[in-house]
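Working notes, beginning with the structure itself.
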Amino acid sequence: MSDTVTITDNRTGKQLECPVIQGTYGQPVIDTKLLHKELGMFTLDPGFSTTSSCRSAITYLDGEKGVLMHRGYPIEQLAENSNYLEVCYLLIHGELPSQVQMDEWENAIKMHTMTHEHLSRFYTGYRYDAHPMSIMAGVVSAVASYYHDATDIRNPEHRLMTAKRVIGKMPNLASKCYRFASGLPFVYPHNSLGFVENFMHMTFSRPSEDYEPLPAAIRALELLFILHADHEQNASTSTVRLAGSAESNPFACIAAGIATLWGKAHGGANEAVIQMLEEIGDASKIQKFIDRAKDKNDPFRLMGFGHRVYKNHDPRATIIRQACHELLKELDVNLPMFEVAMELERIALEDDYFIERKLYPNVDFYSGLIYQALKIPSAMFTVMFALARSAGWMAQWMELMEDEDFRIGRPRQLYIGPAKRDYVDISQRS
Ligand code: ACO
């Protein structure tokens, strides 16, 4: 059997043999590169449901089986045995580090936890109630203006330096969003602390008292950061790659990713889940919201349900659901919202509408509940997602830069506008 697919243009009888390429796992792909040259046609695939935009060796997910792996390592094993910085190393370098490499990596990231002092002034330019994702998109882009020593995107050392800077500075930049909104002074990082603890220290400590985060809270955030570190060619990652393909500054590419992640169909869903649960209020109102989600005349959707790729279960959601139960038990927190969430999940999973469309709770359904239990304001949820995802964005950007097929990303379109017509002077128009 030949590894090709023949495309026949039934209008002309012309044929094109397209190579079929098989990756390590997953559906084979049809290489349609010659389609335009040979048959004079493009493909139309709104939402890129069946289009592979690149070759990638970083993350694999199987939506039917509920599989997620980074560099071949199952997410369940990473969640149980690894830590966020090690996962960052894995994403960026492709292999798990030796102890020596890990020590060097941790030290290198610590070298980049500070931000330029002048950068702090950017925050005060925002309105007091600005959404922190708008601040993040702005300040991350602004970081580009401080580093003129590593702007050669063709230089692997510059790229690695940028990755270290992005990963090292994100907790600092994110914490300042929270401090600004809360009227609290900015806190410098303390490099004796681990990555997650340092973030908590910069975000939640008060100048007036000692601060020691709960071990359960550190563990929960570490887990959330691991689970959010990368997720293949989703909307924000594809945005980072598209911006990168124009050879843009990498900090600006990350800012573009942040802007995309903000949307409630994507990373903004964790915040939207909490708003939805607050709106539902108590279990007696759940059915009303389920009915609304099923009503085609109502734009409302159950936030935290459904996924473009996962049509069985989101493996991150399975891990996080368990962690959410454990955290609430350990903190002895009684969140009425959690009861509503569990009941909503139960009812939706038994409803034919959700079963037929394979709509399961995704990672965002539970992550918001964990943040809520840790008393983190909901506007910060997506910022923390961005913080964690920055490692994946950088790994994907670095891979793009080394891709032998590197070209500017430039999708085509099917034009459906008016046919050519002649300009009419304004005095002659009806
Ligand atoms: N509630 C109700 N119905 C839904 C939902 C939902 N959350 N999600 C999808 N559907 C329905 C659609 O109306 C559609 O029904 P139809 O076939 O009768 O027309 C069907 O399921 C398929 O939906 P699509 O929109 O085609 O699915 P798509 O893959 O384009 O969208 C998405 C995926 C954006 C995640 C969608 O499920 C959604 O909006 N979910 C809620 C937001 C959310 O939780 N986003 C976070 C995703 S995870 C992440 O980004 C980290």
Within the range 296-332, can you find the residues that are of a type in the set (D, E, K, R), farther than 24 Å from Gly66 by Cα and within 14 Å of the ligand (Cβ to nearest atom)?
Lys296, Asp298
Residues being over 13 Å from Arg316 (Cβ atoms) and not hydroxyl-bearing (Ser, Thr, Tyr): count how many of those fall in the range 63-79.
5
Please identify the pairs in which a residue from the range 69-89 that is closer than 15 Å to Val196 by Cα has its Cβ atom under 6 Å from the Cβ atom of a residue that is not in a helix (DSSP H, G or I), counting only partners at least 6 apart or on another chain.
Val87/Ala229
Could you please let me know if Phe199 is open to solvent by 30 Å² or more (accessible area, probe 1.4 Å), in a helix (DSSP H, G or I), closer than 19 Å to Met380 by Cα and modelled with pLDDT of 95 or more?
no
Selection status of Ser238, buried (at least 17 other Cβ atoms within 10 Å of the Cβ), within 16 Å of the ligand (Cβ to nearest atom), of a type outside the set (Asp, Glu) and in contact (Cβ under 8 Å) with a residue 12 or more places away in the chain:
yes
Being open to solvent by less than 50 Å² (accessible area, probe 1.4 Å), over 15 Å from Asp230 (Cα atoms) and not in a loop (DSSP other than H, G, I, E, B) is the filter here, so list the residues in the range 38-96 that pass it.
Leu39, Gly47
I'd like the residue in the range 241-269 that is among the hydrophobic types (A, V, I, L, M, F, W, C) and more than 22 Å from Ala130 (Cβ to Cβ) and, out of all such residues, is most open to solvent (accessible area, probe 1.4 Å).
Leu242
Extreme residue, nearest to Trp262 (Cα to Cα), among residues of the range 358-382 that are within 14 Å of the ligand (Cβ to nearest atom) and among the hydrophobic types (A, V, I, L, M, F, W, C)
Phe381
Against the condition at pLDDT 95 or above, within 14 Å of the ligand (Cβ to nearest atom), within 24 Å of Ile280 (Cβ to Cβ) and of a type in the set (Ser, Thr, Tyr), how does Tyr353 come out, does it pass?
yes
Within the range 284-295, can you find the residues that are more than 8 Å from the ligand (Cβ to nearest atom) and surrounded by 15 or more Cβ atoms within 10 Å (Cβ to Cβ)?
Ile286, Phe289, Ile290
For the range 315-398, give me every one of the helices (runs of 4 or more DSSP H) that falls completely inside it and has 2 or more residues that are over 18 Å from Glu278 (Cβ atoms).
315-331, 336-349, 352-356
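Condition check ((1) crowded, with 21+ Cβ neighbours inside 10 Å; (2) touching a residue at least 24 places away in the same chain (Cβ under 8 Å); (3) within 16 Å of the ligand (Cβ to nearest atom)) across all residues:
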site: Glu271; (1), (2), (3): yes, yes, yes
site: Leu277; (1), (2), (3): yes, yes, yes
site: Asn334; (1), (2), (3): no, no, no
site: Glu339; (1), (2), (3): no, yes, no
site: Glu343; (1), (2), (3): no, yes, no
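The values are calculated or read from the model by the stated rules, or taken from the named source; none is laboratory data. All values derive from a computational prediction rather than experimental measurement. All Cβ positions, even for glycine, are placed from backbone atoms using ideal geometry, and neighbour counts span all protein chains on display. We work out accessible area using only protein heavy atoms, side chains counted, and drop any ligands, DNA or RNA first. Shrake-Rupley method; radii C 1.70, N 1.55, O 1.52, S 1.80 Å.
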